[in-house]
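The values are calculated or read from the model by the stated rules, or taken from the named source; none is laboratory data. The model shown is predicted, which means the values in this text are computed figures rather than measured ones. Glycine also receives a Cβ, built like all others from the backbone with ideal geometry; neighbour counts cover every protein chain displayed.
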Amino acid sequence: MTFQLWGAVFTGMVLSIMLLNVVQWITYGDRNYGLYTLYMLAWLCYFGLRVHAFRELFSLETNHFVRAAAPMGAYYIYFDFADSILDLRRNLPVFFRRLQLVKIGIVVYVTIQFLLCYVVTWHPTLYEITFVAMRLAMAVLGVYGIRQMLSLRDPVSTVYAVGTAFLLTGGLTAMFMSLAWPRENWSGPFWNVSLTYMQIGIIAELVCFSLGLSYRQRRAAVRSAIVEQELIHEREKHHRDQLEAELAVQRLEQEKTEVHIRALQAQVNPHFLFNSLNSLSALIDDDTRRAGVFLDELSSVYRYLLRANDQILTPLAAELTFIQSYSHLLQTRHGDALRVVCRVPPPLLSRQIPPLTLQLLVENAVKHNIALPDQPLTIDIDTDGDDRLVVRNNVQRKRARVASNGVGLANIWSKYQMLNQPMPTISEANGQFVITLPLIAENSVV
């Protein structure tokens, strides 16, 4: 194969890689593909001007200037391309700053070659010295750059280091061959022409660069897909959490409404109202002062019930005040057979509980236990060492079975669950039925 035929093969391979790169540039709109295209164009222009047919069209000075300066244009673009691909400015700042100095040196070198070729008297020895010196300097820079890129320990930087090594090897081989055999037979076998080895190095370099760009683009696509999936997952999770929060609020509002309705129904049912009015009527006839007190307590009970209907939590002090009024109504009917004792330390009165919780517990105790003068029912409201509210009563169950579906206690448990608070506990030992309620700190529930 002659060098002319090999040159056509080389040009076809570079054009194929460049066309594929242009398609990717149009597809992705990535600046790196644009720099890579310019880099390949620089080499095509250089070798196009070096072929024998074009060399005969130019003067000897122009051919020498193209030989010395044209590769520097490709190297200049290569530095920007490497910085864009490997982010040298951030990953290798010292190397990046040195490359900026080298770019200034390239401009100075091209200016010197222009002066040697076109301005001053032609001096071939000085021209060759500057030419070889610059090529050797670029070779040293290439070795240093390869080591720097390998230090990043990244697949992309490794591929680019290998590509640069191919270019370096081909360039040095071509330079030493041109120095050893200055008169080359361009019409002979291609392996006897020094430019062939530089072209082989460039082809190998372009293959590595193309693989590195493809890997980088694929990695970016994978990362983008992962980020997109994470964003979708986060949006779904946020939407799900929002729906769950809205559902929890709805369930809490529903439970609160149901509890309040049942509490109001329990108090205003005809039996309760009949007993309360009978007690009030008897007191009016027997003791007007006590009747007035009874009427005040009855109004306090209903006022609290109506106000609690709009609250999720209420201070323990307000709940205990309500229980005192509610207990007064019960004690008016049961007399000394019912005792309600409250012993809560003042520092805990600012804690909160769901409204009507104590009313349900007191009502539950009265409903299921005997309350007689010789067998009094005692309901004790106290706290334990963990600052929890403890409601206990002596167990003396009624012989007749009392219909109960457990809705009262279940509502209390449901409220604590909806508020994401520790659950109340129930225990029975030594003739005592004990319910322990966690007290909720202020502003702990949003």
Would you mention how many residues in the stretch 6-29 are in contact (Cβ under 8 Å) with a residue 12 or more places away in the chain and over 14 Å from SER210 (Cα atoms)? 5
Can you find even one residue in the stretch 353-367 that is without any contact (Cβ under 8 Å) to a residue 40 or more places away in the chain and in contact with a His (Cβ under 9 Å, 6 or more places away or on another chain)? yes
What single numbered condition from (1) within 36 Å of the chain's Cα centre (by Cα); (2) part of a helix (DSSP H, G or I) fails to hold for TYR109? (1)
Filter result for VAL341 (in contact (Cβ under 8 Å) with a residue 24 or more places away in the chain, farther than 17 Å from GLU428 by Cα, more than 45 Å from the chain's Cα centre (by Cα) and not in a loop (DSSP other than H, G, I, E, B)): yes
The residue that is nearest to GLY385 (Cα to Cα), considering only those in the stretch 323-350 that are basic (Lys, Arg) and in contact with a strand residue (DSSP E or B) (Cβ under 6 Å, 6 or more places away or on another chain), is ARG343
Candidates ARG307, ARG290, filtered to the one that is in a helix (DSSP H, G or I) and either farther than 30 Å from ARG251 by Cβ or aliphatic (A, V, I, L, M) (or both): ARG290
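So, GLY73, is that one under 35 Å from the mean Cα position of the chain (by Cα), surrounded by 15 or more Cβ atoms within 10 Å (Cβ to Cβ) and in a helix (DSSP H, G or I) or not? I'd like the intermediate steps shown before the answer.
Working: under 35 Å from the mean Cα position of the chain (by Cα): no; surrounded by 15 or more Cβ atoms within 10 Å (Cβ to Cβ): yes; in a helix (DSSP H, G or I): yes.
For GLY73, the condition - under 35 Å from the mean Cα position of the chain (by Cα), surrounded by 15 or more Cβ atoms within 10 Å (Cβ to Cβ) and in a helix (DSSP H, G or I) - is not met.
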Tell me yes or no: at least one residue of the stretch 182-190 is farther than 21 Å from GLY12 by Cβ, assigned to a helix (DSSP H, G or I) and not aliphatic (A, V, I, L, M). no
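Looking at this structure, is ALA137 crowded, with 19+ Cβ neighbours inside 10 Å and modelled with pLDDT of 90 or more?
Numbers: crowded, with 19+ Cβ neighbours inside 10 Å: no; modelled with pLDDT of 90 or more: yes.
So ALA137 fails the test.
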Answer yes if at least one residue in the stretch 356-369 is exposed (fewer than 15 other Cβ atoms within 10 Å of the Cβ) and more than 19 Å from TYR416 (Cβ to Cβ), and no otherwise. yes
For the stretch 131-171, the count of residues that are of a type in the set (D, E, K, R) and closer than 21 Å to SER194 by Cβ equals 1
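With part of a helix (DSSP H, G or I) and either buried (at least 17 other Cβ atoms within 10 Å of the Cβ) or outside the structural domain of VAL193 (by TED's automatic domain parsing) (or both) as the only criterion, which of THR173, THR164, THR158 stands out?
Working: THR173 fails: either buried (at least 17 other Cβ atoms within 10 Å of the Cβ) or outside the structural domain of VAL193 (by TED's automatic domain parsing) (or both); THR158 fails: either buried (at least 17 other Cβ atoms within 10 Å of the Cβ) or outside the structural domain of VAL193 (by TED's automatic domain parsing) (or both).
Exactly one residue qualifies, and that residue is THR164.
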If we scan the stretch 270-288, do we find a residue that is among the β-branched types (Val, Ile, Thr), surrounded by 13 or more Cβ atoms within 10 Å (Cβ to Cβ) and at pLDDT below 85? yes
Would you be able to say whether some residue in the stretch 224-232 is under 21 Å from TYR75 (Cα atoms) and either assigned to a helix (DSSP H, G or I) or modelled with pLDDT of 90 or more (or both)? no
